[in-house]
Each structure stands twice: as C-alpha cells, then as structure tokens.
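The values are calculated or read from the model by the stated rules, or taken from the named source; none is laboratory data. Quantities reported herein were computed from a predicted structural model and do not represent experimental measurements. No Cβ is skipped: glycine too gets one built from the backbone with ideal geometry, and neighbour counts run over all protein chains shown. In case anyone asks, the SASA skips ligands and DNA or RNA and just uses the protein heavy atoms, side chains included. Shrake-Rupley method; radii C 1.70, N 1.55, O 1.52, S 1.80 Å.
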Amino acid sequence: MGDINDWHHAIGTGPFILTDFVSGSSATLVKNPNYFGHDERYPQNQLPYVDNLSVLIIPDDATALAGLRTGKIDALDQISLCRLDQYKKRILKYYS
C-alpha cells in the first residue's frame with residue numbers, strides 16, 4: 001500500500017481519522033462518521049463525542065505543565081514522576 005512511513009497511508013477503523021501529522025510537533029484527528037461504537041450507558045449516542053483532537057508533542061515537561069496550568073492544553077499523556085510530584089504539591093497548596 002505504498003510507503004508505510006507516510007501518514008497518508010494510515011489504515012484503521014477507530015473513532016478518529018488522522019488528517020494531519022507533523023513529525024515531532026503535532027497530529028490532528030477528526031471524528032470518524034462511520035465509526036460503529038455507541039455509549040454503553042446511553043446506547044442512542046454514537047461515539048466519539050469529540051469532533052476533533054489536536055495532539056501536541058511537547059518534549060519539555062516544564063512547557064507542558066505551563067500549558068496545562070494556563071489552560072492552553074487540556075491533558076497531558078506522559079510526564080516525569082518528579083515533575084508530576086512537584087506539580088501536585090503546588091496544586092494542593094493552591095486549593096488548600
């Protein structure tokens with residue numbers, strides 16, 4: 001099926017379709033209109049609920065945490081345990 005290293009040739013039947021990929025920077029995914037999944041609690045609702053996802057690749061923990069803290073990003077996938085522990089202490093101190 002062509003060059004396996006070219007993201008344009010990605011194959012799958014999941015809830016999202018890859019529409020853009022920049023190596024080492026970001027990936028953009030949109031809702032797959034043909035996805036067959038439904039919410040188990042509300043079977044009348046087709047999944048996924050989200051229309052699109054922008055995944056940013058941020059190798060620096062401090063930058064990623066700053067983005068989370070300021071609301072520029074919604075979630076983190078991987079972060080060092082040391083940084084996570086420091087961040088949790090700051091959050092707990094803020095909300096106490």
What do you reckon, is Tyr94 open to solvent by 60 Å² or more (accessible area, probe 1.4 Å) and at pLDDT below 90?
yes
Does Asp39 qualify as being modelled with pLDDT under 90 and acidic (Asp, Glu)?
no
If Ala27 satisfies every condition in (1) of a type outside the set (Val, Ile, Thr); (2) assigned to a loop (DSSP other than H, G, I, E, B); (3) modelled with pLDDT of 85 or more; (4) within 20 Å of Gly12 (Cβ to Cβ) but one, which is the exception?
(2)
Filter result for the condition that a residue is open to solvent by 50 Å² or more (accessible area, probe 1.4 Å), closer than 21 Å to Ile11 by Cα and not in a helix (DSSP H, G or I), over Leu53, Leu76
Leu53
Find all pairs meeting these conditions: Cβ atoms under 8 angstrom apart; at least six residues apart or on different chains; first residue within the range 17-33 and farther than 18 Å from Asp77 by Cα and among the polar types (S, T, N, Q); second residue modelled with pLDDT under 90 and open to solvent by less than 60 Å² (accessible area, probe 1.4 Å).
Asn32/Gly14
